[in-house]
Each structure stands twice: as structure tokens, then as C-alpha cells.
Amino acid sequence: MKKVLNVCFILLISLIFIDIVGADTYNNYSPEVPTASCGDNLLTDIPQMLPKVISIIYTVIQVAVPIVLIVMGSLDLMKGVTAQKEDEIKKGQQMFIKRLISGVLVFVVFIVVKLVISLVADGSSAPIMQCADCFISNDCD
């Protein structure tokens, strides 16, 4: 599970650095580059690919985490049952509970991020949430 989290972290960091490396293209704006906008007074001219990629990653995480939990939990419990030892069964149950908690934490992180965005937004939270929805569900104007 640590390897999966490390890979996700590396992918997230690489997306940040890709955006930083491409920062010089913002200075040399060309109308041919497809862009998306986030609200009226917020960021505009966001490369259209960025919200799409983040939305795909978000969707993959939503689908992959439960599947990985079911598969890995089944394997842990199957190992304990086939060993026919009380200690192995308890280890499998404890491992499954740990994996379940880490899976729930993945989804809680997304909820907390949306909550923080809505709290940080001063009186005009609608455009900021519109921008967040643009990145989460690729619902851009």
C-alpha cells in the first residue's frame, strides 16, 4: 500500500512540475492553444488538458481504491483461512482493517480539500467552487 501511495505522490508532484516547466508558454500566449476558464474573476486561460488529466486521475482513484481494497482484503483473509491458524486469521483481519482505514482516508482527503477551498474563499465562493468542479469533474465553461 505504501508503494501505491508513493506512486500517487510522485505522479502528483510530476504534474506540478510539468505545469511549472510549461510556465513560459503563458507568457507566449497563442490563440490556438485550447483553454478553459474558471469563473469570472479567477484564473483564465488554463490549458484545457490540465483539468482533464486531473479529472481522469480523480476518477481512476475513485474506482481503483475500492477494487484494490476488495482484492487485497480478500487475499489477506484467504491467507489466514488457508493457514488454519488463529493468529494468521487475526493478522489478516487486522491488515484488512488497516487497508480499509487507509482507503477511507483517501476519500476523506478529497472531501477536506473541497471543504478548505470553500472556507478559504471569501464571500464569492461560487466561482472558486466552479473552478474546483472544473478540475474534479472536468465541467469547465
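If we scan the range 94-110, do we find a residue that is out of contact with any strand residue (DSSP E or B) (no Cβ under 8 Å at 6 or more places or on another chain) and at pLDDT below 85? Yes, the conditions are met somewhere in the range 94-110.
Take the conditions (1) at pLDDT below 65; (2) under 12 Å from the mean Cα position of the chain (by Cα); residue 40 misses just one of them, which is (2).
Within the range 60-86, restricting attention to residues that are β-branched (Val, Ile, Thr) and surrounded by 14 or more Cβ atoms within 10 Å (Cβ to Cβ), which residue is farthest from the chain's Cα centre (by Cα)? Going through the qualifying residues, I end up with 68.
The values are calculated or read from the model by the stated rules, or taken from the named source; none is laboratory data. Treat the numbers as computed from the prediction; the structure is a model and nothing was measured. Cβ: placed from backbone, ideal geometry, glycine included. Neighbour counts: every protein chain shown.
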